[in-house]
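What follows is a set of notes on a single structure, which appears directly below.
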Amino acid sequence: MNLYYFMRDALVTATGGGRRYHLWMGTLTLLMLAGLYGYSVQLRDGLAVTGMSDHVSWGLYISNFTFLVGLAAAAVMIVLPAYVLKDVDFSQAVLIGEGVAVSALVMCLAFVVVDLGSPHRFWHLIPGIGFFNFPSSLLAWDVIVLNGYLVLNLCIPFYILFSRYCNRLPRKRLYVPFVYLSVFWAVGIHMVTAFLLAGLPARPFWNSSLLGPRFLASAFAAGPAFMILLLQFIRANSPYAIRDETIAKLAMITTVAAQINLIMLGSELFKEFYRHTHHSQSAYYLFFGLDGHHALRPWIWTAIILNITATGILTLHRLRNSRFWLRPACLMLFVAIWIEKGFGLVIPGFIPSPLGEIVEYTPTWIEMVVTLGIWAMGLFVLTVLIRVAIPIELGSVRSPKATDVETKLQGLGAQS
Amino acid sequence: MNTEKTRFTFGDLMVRCGFATASEKTHTARQGDTQGGCGNPRPQTGASCSCSGGGACNGGGNPPGGSSLTAKPVTRRQAIGAMVGGALATTAFAASSLSPKTSDEEREKTLLKWQEYFKDNFRLMSDREKAETIQRLERLAYLDHATDVKIKATGAKPGVLFGYAFNISKCKGYRSCVDACIKENNLDRKSGMQYIRIFEMENGKMDIESGNAEYDHPVPAEGHFYMGTQCFQCANPPCVEVCPVGATWQEPDGIVVVDYDWCIGCRYCEAACPYWARRFNWSEPEVPAGEVNANQHYLGNRQRKKGVVEKCTFCVQRTREGRLPACAEACPTGARVFGNLLDPDSEIRYVLEHKQVFRLKEELGCEPKFWYFMD
Ligand code: SF4
Ligand code: SF4
């Protein structure tokens, strides 16, 4: 019965709101519909409507996928100190972080599905009735870890929120082991996704042992950066109290990760350019262009400049601690890593081809509409999750059956 | 799911074992079995192990229990398939009785497509299932394209391992092989798909990355030589390893094949191939009705659909019947040498033993079965 009330109240909360809220959700819905239309065209005519070709066989979709896996994994950065180190500061951020993880994962899965040539055969992937090429195929690993992570990150917050809703204290013994698991799992999803690319000797640009660690570093920069922006927004628009220390700590994490990421970038650049070999061709294409082809050059330099500027701002304590500078720095970092770890990583892997041919890639409007639609879907999911979580956390939405236990309620703030 | 995987290297084959003893080795090393019958009269007992890859042991009088791994799921899926198929037939029937446009043929097509949708990975099919799907596919080819095709599922012959050698001194860059391949393998004409690429190379360079495959002028060009590439049927193929659904595998005779009805079109294999040998059907492939090659193989040149990957199969529909691949047959210069690596009297063995040969990107360890040589 409580579950029914929970669902009902969640629905009521998610669908109710002011003008701005409805405008926002309406815009997202429109974008999703546009994406759906684009996808229907793609289903009808095949992937030929995208800019991909046999030369560049993965494009915008997989680029966004690699980036978003990072964003999803970065939720651990919030979970880790809050649950494990009993860092009270982080408790408010935790549920939000898991919400981000869930919506990023939903986007990841959607990007993989729209990239498939024969999505109607997805059941071939289901172990038992299909043919699951495990453990040989890293893509099979990815299917497992991503879905597992999604389930974990749905179950933990649901349990906590539902307990709150019923005016019960969430039992630590029940959920903390899963929190630990999800921490390891988060590292796992990101490493597996990196290995998916790094495990291909055919593509020297990806076939590097630094790829996995660099994935982690950039994720732990982009993820908390996004969280800071989101938490500041929530703080400004809801009574949900987010302390300054929480933001400061997240900013610290972002800074360190961004610095490490820059060091790794430098070491990669050195390796590629100090002695220019055949294996550096892709990096050459990315940064300088090859034989008059340089579609990615403006993008990657934008990313590098944003990245360095943002890391510079974050490194200076005075600037990092000022609200005025922190926000643009986080935004810059987020965009820089989206470029760098999205199409700045995926597309050069295909250029030049293993036989040395250079064919460039430009996404078509169909791809862009579908991509926008999926991002809109992710933001939609995120908005709904946060919208429901905050009032429950604040105690303003409670099961009608729950007895009012004021003392318990008060104790809740420190738990989570 | 994917079971035994034994690596087999060419160094092994050529230096240590000698060709004669290698036959047993290769046959135990392979996964999958096109013949689907372990009851096939094979000389070596070891040959029956090739069933381990898919458990397609149901043929030849073996009890179906041999594929315990898959027996249950198949049944469940077939049940679903039958259920949905039945429901669909009823719906189609109802629809047809309402609208005069839906003919019997439409209904038959819908039903056949649904049965096709629920079929298994080719490696896991019993002989009966194979025969049934071939019947459906032939019928569908007739209903869809009004062409009478004959689809075979000829399996690998024991004691056969195919290999290819390419004479750089002889090739003049005519691309006759490319054209022959397009016709033989029913390649999509609309996108101009080609399996073979001929690189025009400047004298004095041996690096294929400096070659130009897009040349468009009379050949042979002064100061240039030519090198052809296609799928090299690697003995240690990275494309097979990465496929998440096992839609591509190596056959006992060394040919790497794709089950076009099992591939989900993720294109991971395309990224994994170091020789750029795989092609994807970005749109519905088109072959004019009059030009369809009706002599087809399930794992070879039968017509593909959009959204799946394909590649050169050394013309499995021809070579398993003892014929040459279309490219080798079409080459006017005699630059292409094809044959059985396990047959000591074959021409390919002669080339490997008497010429200096090399392979592309050997450092990657894929062990391609495609060698280049010079006179
Ligand atoms: S050449 Fe490419 S497609 Fe052919 S077997 Fe080797 S890796 Fe696979
Ligand atoms: S494209 Fe098809 S054959 Fe290639 S890896 Fe994906 S499912 Fe396997």
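The values are calculated or read from the model by the stated rules, or taken from the named source; none is laboratory data. Owing to the predicted nature of the structure, the values given are computational and were not obtained by experimental measurement. Virtual Cβ from ideal backbone geometry, glycine too; neighbours counted across all protein chains shown. For accessibility, only protein heavy atoms count, side chains too; no ligands or nucleic acids. Shrake-Rupley method; radii C 1.70, N 1.55, O 1.52, S 1.80 Å.
Summing Lys and Arg as +1 and Asp and Glu as -1 over all other residues whose Cβ lies under 9 Å from the Cβ of residue B:257 gives a net charge of -1. Converting phi to 3J(HN,Hα) with the Karplus coefficients 6.51, -1.76 and 1.60 and the offset θ = phi - 60°, region B:125-130 yields 7, 7, 4, 5, 4, 4 Hz in sequence order, with x at every glycine or proline.
Between the chain alone and the structure with every protein chain in place, find the residues of region B:256-275 that drop at least 50 Å² of accessible area; heavy atoms, 1.4 Å probe. Buried by 50 Å² or more upon assembly, which counts only protein chains, are B:262, B:264, B:267, B:268, B:271. Counting pairs of alpha carbon atoms under 8 Å apart in space and at least six apart in sequence, what relative contact order in percent does chain A give? Dividing the mean separation by the residue count of chain A yields 31 percent. Assuming charge only on the beta carbon of Lys and Arg (+1) and of Asp and Glu (-1), the dipole of chain A about its Cα centre is about 1300 debye to the nearest 20.
Over region B:156-375, what is the relative contact order in whole percent, taking alpha-carbon pairs under 8 Å and six or more residues apart?
The value is 32 percent.
Measuring r between the beta carbons of residue A:284 and residue B:222 and using R0 = 30 Å, the FRET efficiency lands at 0.50. Other protein chain C-beta atoms within 10 Å of residue C-beta, averaged over A:39-49: 3.
Max-minus-min Cα coordinates of region B:298-367 on each principal axis give 44, 31, 25 Å, with the largest extent listed first. Sequence-ordered 3J(HN,Hα) estimates for region B:334-340 from the Karplus curve with 6.51, -1.76 and 1.60 and θ = phi - 60° stand at x, 7, 10, 10, 10, x, 8 Hz, glycine and proline given as x.
Can you count the Lys pairs in chain A with C-alpha separation below 21 Å, eight or more apart or on different chains?
5
Of the listed pairs B:113/B:183; B:172/B:306; B:150/B:355, which have alpha-carbon separations greater than 30 Å here? Result: B:172/B:306; B:150/B:355 exceed 30 Å. If one takes the longest principal axis of the Cα atoms in chain A, at what angle in degrees, from 0 to 90 and to the nearest 10, does the Cα axis of helix A:19-45 lie? That works out to roughly 40 degrees. Taking B:174, A:284, B:275 and ordering them by how much accessible surface each has at a 1.4 Å probe, largest first, produces B:174, A:284, B:275. The heavy atoms of residue A:379 offer some 50 square angstrom of accessible surface to a 1.4 angstrom probe.
Note on residue A:364: accessible area is roughly 40 Å² with a 1.4 Å probe, heavy atoms of protein only. Residues whose amide H falls under 5 Å from that of residue A:200, counting only those 5 or more places apart or on a different chain, are absent, with hydrogens built in the peptide plane. Label sites at residue A:184 and residue A:12, each approximated as a point 7 angstrom past Cα along Cα to Cβ, lie 4.2 nm apart. Using a 1.4 Å probe on the protein chains only, how many percent of the accessible area of chain A belongs to carbon and sulfur? C and S atoms contribute 71 percent here.
Debye-formula intensities of region B:156-375, expressed as log10 I(q)/I(0) at q = 0.17 Å⁻¹, are -1.32 (one equal scatterer per alpha-carbon, no solvent). Of all DSSP beta bridges confined to region B:156-375, the antiparallel ones make up roughly 85%. Positive end of the dipole of region B:156-375 (Cβ unit charges, origin at the Cα centre): among B:297, B:198, B:248, the Cα lying farthest that way belongs to B:297. Label separation (residue A:29 vs residue A:248): 4.3 nm, computed from points 7 Å beyond Cα along the C-beta direction. Residue ranking by accessible heavy-atom surface, 1.4 Å probe, largest first, among B:200, B:106, B:329 comes out as B:329, B:106, B:200. With a 10 Å cut-off around each Cβ of B:169-175, the average count of Cβ atoms from other chains is 0.
Modelled spin labels at residue B:113 and residue A:4, positioned 7 Å past Cα toward Cβ, are 4.3 nm from each other. Bridging of residue B:170 to aspartates and glutamates at a Cα separation below 12 Å is possible for B:375, once same-chain residues fewer than 8 apart are set aside. Measuring only protein heavy atoms, the 1.4 Å probe finds residue A:305 accessible over about 110 Å². Ranked by solvent-accessible area (1.4 Å probe, protein heavy atoms only, all chains present), the residues B:333, A:15, A:254 order from largest to smallest as A:15, B:333, A:254. So what is log10(I(q)/I(0)) for chain A at q = 0.08 1/Å, when the Debye sum runs over its Cα atoms only? Rounded to two decimals, the profile gives -0.46.
Interface size, chains B and A: roughly 4400 Å² of accessible area buried, both sides included, 1.4 Å probe, rounded to the nearest 100. Relative to the longest principal axis of the Cα atoms of chain A, the long axis of helix A:172-198 makes an angle of roughly 10 degrees. Relative to the longest principal axis of the Cα atoms of chain A, the long axis of helix A:91-115 makes an angle of roughly 40 degrees.
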